[in-house]
Amino acid sequence: MTEPETEASNPASAGRTEGLRSRGMHDIGPDQMRRFRRAEARFLEVTSAAGYQEIRTPTVEPLHLFTSAGALSPQLLDRVYSFLDWDGWSGERMVLRPDSTLPAVRWFESQAGASVGEPARLSYVQPVYRFDAGDGERELWQCGVELFGLAAPEGDVELLGLARELLSALGLGELRFELAHAGLLRAALAATGLDPAGQIEALDRVIEGGEDAVEAVAGELAAASPERATGLRLLLEIRGGAGGYLDNVEAALPEAAQPIAELRAAVSTLEEAGVACDLAPAAGGSFEYYTGLTFRVLAGNEACLLGGRYDRMAEAIGGRPAPASGFAADLLRLAALAPEAAS
Amino acid sequence: MIRVALPRGDLRAPLAERLRAAGFAVEGYEGGSRAYRFPVEGRPGVVVRVFAEEDIPIQVALGQYDLGITSRAWIDELLARYPLDSLTPLRPLDLGGRRLVLAAPEGVTLDRLAATPGVRVTTTHPNLAARALNYLRVPDYRVIEVWGQPEAWPPEDADAAILSVPLDAAAAGAVLAREGLAVVAEVQRGSATLVANRDALASRDLAEALGPLLALPAGDRDASEARPLPRGNGRTGGLEGIASRTSDNDRGVFRLALPDGHAQRHTVEALASAGLRFEGYGDGATDRHPRSGIEGFEVKVIRPQDMPQAVALGCFDLALTGRDWLAAHRAAFPLSPVAELCDLRRSRYRLGAVVPEAVPAETIAEAIAWWRRDDPKRPIRVASEYVALADHYARERHLGRYQVLPISGASEGFVPDDAEILIEGTETGSTLRANRLRMIDVIMESTNCAIGSTERPPGARGELRDDLVERLRAGAAEV
């Protein structure tokens, strides 16, 4: 994440208050707050017009909500603010909410009246807390939406359209969507014939990331599974444009037909809207909960929004199976990127 | 002055020998002196301070010491939770090779642990434990941090333990087999390691100490190389979630916890004056499971520090511990369902704030003003084994900006160099006087006591608890 805009301050008084603010935490002054509120209003306007209703969830949550099977990756769990509260004698740790999606899933699941077939559309604006080893932001104002009950590709198409509309309404130009698919990487790993622990290890290394690591994994996997070598290299090392790339991946990895069909639907939605998109199928980010399409939107060179499909999460926390997907962005970042007139 | 932190305990004798051979002879350290600070022969710019192994990483990370030698597990325990850029491991040494393993009762697999809701894991290394369980994809765990003997908890009181065992697989297997445990996964391995404070390395000339310390024999790769984190097999669900522990199930057995270590002598006396005696407790050897001779009455020996939590978790109906440990537990967890049932009136001592005799103050407020006379923003360092009590004290006495330094024993050596205040116990004050310290503020007078759940156990267990408490109370009246 980038540094927040800080307003001019008096160096002498800054010295007086040194040590009175926790590392990675920042005040939001009046000017920045005005921009924040304008961006927030625009976010709520656009999402509410699309049928999304706002919710807010607790700041303090039990850690095990986030360790629930396949929820957050160990890499992200390493970065949560966790502590023992007054009930901590039970050994149950609490966290400052590191992500808004799981609490939203829990809220959806807690609504006894919600009928399974009916899509539910939720939005939120609230802070999340994650350690950053350096001086980066540790409190992020996350704005996002969750869409329950609409499967791929319809749900994906709706979210991509909404993301595009939101960013355009904020006045962000030069939008480019990077698309990936969690199922594609998993199908490729399964096709290597590695045992489940080996597949998890490879997935961890890809998530832990860096291009070198991804290349190394690609090389090792290709060596272990020569008949899949072309497909794996295509997937892990090469970024693609539109249709032709997907045709090539499908030819090399026939077991990945379903994820490829979902990616095709996403690509055609974006092409129809005249929005540029890239395919980087191995890009996942540190959320293990994704099961389908994942996407990242760049405005110019700035990444400003992340999203994806997580169809198995409701079940993982003990709820009913429900197709689900969502996206989230750092609202302060959006406010800083939005031209003053547009936001 | 270059400040070097060295470990006491098992590493001390073999390390002292290697230090001398490397030209870094620390006279009293070799001899096992009870002092805390030592000069180094022929190296006037170096001072050595002895700490418990687990206290060394935080001291070096804070920059209070420039260099240190301690077990890799304690370094990793700090780094697992706090990815500090201030602590730099420099070199593994050829001694103290150990590994931390996740061990469970024989026959219990990782799949089964992963499928158990709220799986309970005891450990002295909670940060490494949580990290390993995340990487092993155990979805719903409770890490219980204990003061010692995590292996004593399974199978009755925990599902698994994460504990330190020898590197050698056969030796480790033998240690675990005695407890009825087997390795499920390796969590960490490493040997004694030389660490440095990064800022000190970057800006100060440490050669007078660093030269000989870098000449210490290096560890072999197998013992010292960082291992990849353990990985789960990614399978979740599909298995019955059957907890292997039994104590908090609906049981008919009455369970009593007795303390080991220093507390044992006073406990044996308290039991004797209540007309109670358990075979295998206080009669020479201490067994993990002393015998009551009564059907449906189990006795188990654990650390007194861990008893309030064990009672709160429902593992025991009655436990004999110190009121200090109960107060420390309640300071951390005010809602914990554990209560004092009876004061045993033995093991009497005062717990309070200890400062150097030289501090010209009569009250803690005056002492704070004196420490801050030149720098009003100076943080006050409070060192204590009783972390939650120390934190509570610092808030209650309005210390302003403060740091609580968790330590494990040998606390007299901490002030004035490494902390301003100790939260510490004293029976007669003689140890404090010998170290030119005094208690400026009394927090509590502690004695030993019987504790139990705030809710009386049902049926015969409740009646037995009432009876034992009544006998202990009568015995204590004679003190």
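The values are calculated or read from the model by the stated rules, or taken from the named source; none is laboratory data. Since this is a predicted model, take the numbers as computed values, not measurements. With ideal geometry, Cβ positions are generated from the backbone for all residues, glycine too; neighbour counts draw on all protein chains shown.
Here the condition is being among the hydrophobic types (A, V, I, L, M, F, W, C), within 14 Å of another protein chain (Cβ to nearest Cβ), surrounded by fewer than 17 Cβ atoms within 10 Å (Cβ to Cβ) and farther than 25 Å from residue B:179 by Cβ; of B:335, B:326, it holds for B:335 alone. Checked against the criterion of being of a type in the set (S, T, N, Q), free of Cβ contacts under 8 Å to residues at least 60 places away in the same chain and out of contact with any Asp or Glu (no Cβ under 6 Å at 6 or more places or on another chain), region A:114-131 contains one or more residues that satisfy it.
Inclusion of residue A:70 among residues that are touching a Pro at 6+ places or on another chain (Cβ under 9 Å), within 9 Å of chain B (Cβ to nearest Cβ), at pLDDT below 85 and more than 30 Å from residue A:159 (Cβ to Cβ) is not warranted. Evaluated against (1) touching a strand residue (DSSP E or B) at 6+ places or on another chain (Cβ under 6 Å); (2) within 29 Å of residue B:121 (Cβ to Cβ); (3) not aromatic (Phe, Trp, Tyr), residue B:342 falls short on exactly one condition, (2). Of all residues in region B:269-289, those satisfying the criterion of being surrounded by fewer than 21 Cβ atoms within 10 Å (Cβ to Cβ) and under 20 Å from residue B:147 (Cβ atoms) are B:286, B:287, B:288, B:289.
Every listed requirement among (1) closer than 28 Å to residue A:20 by Cα; (2) without any contact (Cβ under 8 Å) to a residue 60 or more places away in the chain is met by residue B:360 save one, (1).
Got at least one residue in region A:109-117 being outside any loop (DSSP other than H, G, I, E, B), closer than 17 Å to residue A:304 by Cβ, away from chain B (no Cβ under 14 Å) and among the hydroxyl-bearing types (Ser, Thr, Tyr)?
Residues of region A:109-117 that are outside any loop (DSSP other than H, G, I, E, B), as a first pass: A:109-110.
This time we only want the ones that are closer than 17 Å to residue A:304 by Cβ, so: none.
Checking region A:109-117: not a single residue is outside any loop (DSSP other than H, G, I, E, B), closer than 17 Å to residue A:304 by Cβ, away from chain B (no Cβ under 14 Å) and among the hydroxyl-bearing types (Ser, Thr, Tyr).
Every condition in (1) in contact with a Leu (Cβ under 8 Å, 6 or more places away or on another chain); (2) among the hydrophobic types (A, V, I, L, M, F, W, C); (3) within 24 Å of residue B:51 (Cβ to Cβ) holds for residue B:358 except the one numbered (1).
Answer with yes or no whether residue B:132 is touching a residue at least 60 places away in the same chain (Cβ under 8 Å), part of a strand (DSSP E or B), at negative phi and more than 8 Å from chain A (Cβ to nearest Cβ). It would help to see each step written out before you state the result.
Working: touching a residue at least 60 places away in the same chain (Cβ under 8 Å): yes; part of a strand (DSSP E or B): no; at negative phi: yes; more than 8 Å from chain A (Cβ to nearest Cβ): yes.
Against the criterion (touching a residue at least 60 places away in the same chain (Cβ under 8 Å), part of a strand (DSSP E or B), at negative phi and more than 8 Å from chain A (Cβ to nearest Cβ)), residue B:132 does not qualify.
Residue-by-condition table, conditions (1) of a type in the set (Ser, Thr, Tyr); (2) surrounded by 18 or more Cβ atoms within 10 Å (Cβ to Cβ); (3) within 22 Å of residue A:316 (Cβ to Cβ):
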{"residue": "B:111", "(1), (2), (3)": "no, no, yes"}
{"residue": "B:121", "(1), (2), (3)": "no, yes, yes"}
{"residue": "B:125", "(1), (2), (3)": "no, yes, no"}
{"residue": "B:129", "(1), (2), (3)": "no, yes, no"}
{"residue": "B:147", "(1), (2), (3)": "no, no, no"}
{"residue": "B:162", "(1), (2), (3)": "no, yes, no"}
{"residue": "B:166", "(1), (2), (3)": "no, no, no"}
{"residue": "B:183", "(1), (2), (3)": "no, no, no"}
{"residue": "B:190", "(1), (2), (3)": "no, yes, no"}
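Sub-6 Å Cβ pairs linking a first residue in region B:376-399 that is within 14 Å of chain A (Cβ to nearest Cβ) to a second residue that is aliphatic (A, V, I, L, M), at least 6 apart or interchain, are B:380/B:399; B:387/B:404; B:388/B:328; B:388/B:331; B:388/B:332; B:391/B:404; B:392/B:331, ordered by first then second residue. Residue A:234 passes every criterion in (1) at pLDDT below 80; (2) part of a strand (DSSP E or B) apart from (2).
In region B:365-372, is there at least one residue being acidic (Asp, Glu) and at pLDDT 90 or above?
Our first condition is that a residue be acidic (Asp, Glu); within region B:365-372, this holds for B:366.
After this cut, where a residue has to be at pLDDT 90 or above as well, the list is B:366.
There is at least one residue in region B:365-372 that is acidic (Asp, Glu) and at pLDDT 90 or above.
Tell me the helices (runs of 4 or more DSSP H) entirely within region B:318-423 that contain at least 1 residues that are β-branched (Val, Ile, Thr). First the steps, then the outcome.
Values: elements: B:323-332, B:364-371, B:387-396.
In region B:318-423, B:364-371, B:387-396 are the helices (runs of 4 or more DSSP H) which contain 1 or more residues that are β-branched (Val, Ile, Thr).
Among strands (runs of 3 or more DSSP E) entirely within region B:135-227, having at least 3 residues that are in contact (Cβ under 8 Å) with a residue 12 or more places away in the chain and hydrophobic (A, V, I, L, M, F, W, C) singles out B:160-166, B:181-190, B:192-197. Taken over region B:461-478, the criterion of being over 31 Å from the mean Cα position of the chain (by Cα), in contact (Cβ under 8 Å) with a residue 60 or more places away in the chain and surrounded by 13 or more Cβ atoms within 10 Å (Cβ to Cβ) is satisfied by B:461, B:464, B:471, B:474, B:475.
Taking the conditions (1) assigned to a helix (DSSP H, G or I); (2) in contact with a Phe, Trp or Tyr (Cβ under 9 Å, 6 or more places away or on another chain); (3) modelled with pLDDT under 95 in turn, residue B:10 satisfies each one other than (2). For region B:23-34, which residues satisfy the criterion of being surrounded by 15 or more Cβ atoms within 10 Å (Cβ to Cβ) and in contact with a helix residue (DSSP H, G or I) (Cβ under 9 Å, 6 or more places away or on another chain)? Passing the criteria: B:24, B:25, B:26, B:29, B:30.
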